[in-house]
1. Let me check against my output: what whole-number percent is the relative contact order of segment 25-149, with C-alpha pairs under 8 Å and at least 6 apart?
2. Let me have the 222 nm mean residue ellipticity of the chain computed from DSSP H runs of 4+ only, each contributing -39500 (n - 2.57), with the sum over all residues rounded to the nearest 500.
3. Please list the non-local residues whose amide H lies under 5 Å from the amide H of Ala58, H modeled 1.01 Å from N, same-chain partners needing a gap of 5 or more.
4. Taking every pair of Cα atoms in segment 25-149, average 1/r, invert it to obtain the Kirkwood radius, and report Rg/Rh to two decimals.
5. What number comes out for the charge environment of Gln78, summing +1 per Lys or Arg and -1 per Asp or Glu over other residues with Cβ under 13 Å away?
6. Work out how much length Arg19 to Asp57 would gain on full extension: take 0.36 nm times their residue separation and subtract the Cα-Cα distance, in nm to one decimal.
7. Between segment 77-151 and segment 1-66, what's the alpha-carbon centroid distance in Å?
8. Please list, by residue number, every one of the trypsin sites (Lys or Arg not before Pro) in segment 17-105 that is coil in DSSP and has at most 16 other beta-carbon atoms within 10 Å.
Amino acid sequence: KSPANCRQIFHRARAALERAPARFTPEPQQQRQLLLSFLAASQAGDMAALTRMLAHDAISWSDGGGKAPANLKPVQGQEAVARFWAFWLGQSHALHFTLGDVNGEPAILAWEGERLGALISPVMSAAGIQEIYALLNPEKLAYIQKQLAQR
């Protein structure tokens, strides 16, 4: 690459980093309370509460690994993410939910009987919940369930 091209790449990367919201890690108890509030608001379909918890440019990702139904594209924007989770968690009557620590961070575990059916992991920023990752791939979930059982 030419020096001019490298300078332009560097300029764009710096601008992207400056626009990115700063990640921040609240206290573990505060994270757990936010997760419980998120779960309760989603299950109740409380769009006002969900919207307040989400950052303006929130995004939701899901990974089915081709083995479970998942969104092919991320859901973007505060309103769209709130609607998505209100629908998904509001319709999940066959699941029961617990909180657990996965990779050192609190996460929502969705159980289908004794089997882990989904893992919901949010990323916090100073503006609220910035990103939500939903793991739906049954092979990955089986591995995580095995790891959780060994604790």
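1. Once normalised by length, the contact order is 27 percent.
2. -14000 deg cm²/dmol
3. Those qualifying (amide H under 5 Å, at least 5 residues apart or on another chain) are Gly77, Gln78.
4. Checking Rg against Rh, the ratio lands at 0.93.
5. Value of the local net charge: -1.
6. Residue separation times 0.36 nm, minus the Cα-Cα distance, leaves 12.5 nm.
7. Each part's Cα centre sits 15 Å from the other's.
8. Lys67
The values are calculated or read from the model by the stated rules, or taken from the named source; none is laboratory data. As the structure is a prediction and not an experimental result, all values here were calculated from the model. Note that we place each Cβ from the backbone using ideal geometry, even for glycine, and neighbour counts take in every protein chain shown. SASA here: full protein model, heavy atoms, side chains in, ligands and nucleic acids out. Shrake-Rupley method; radii C 1.70, N 1.55, O 1.52, S 1.80 Å.
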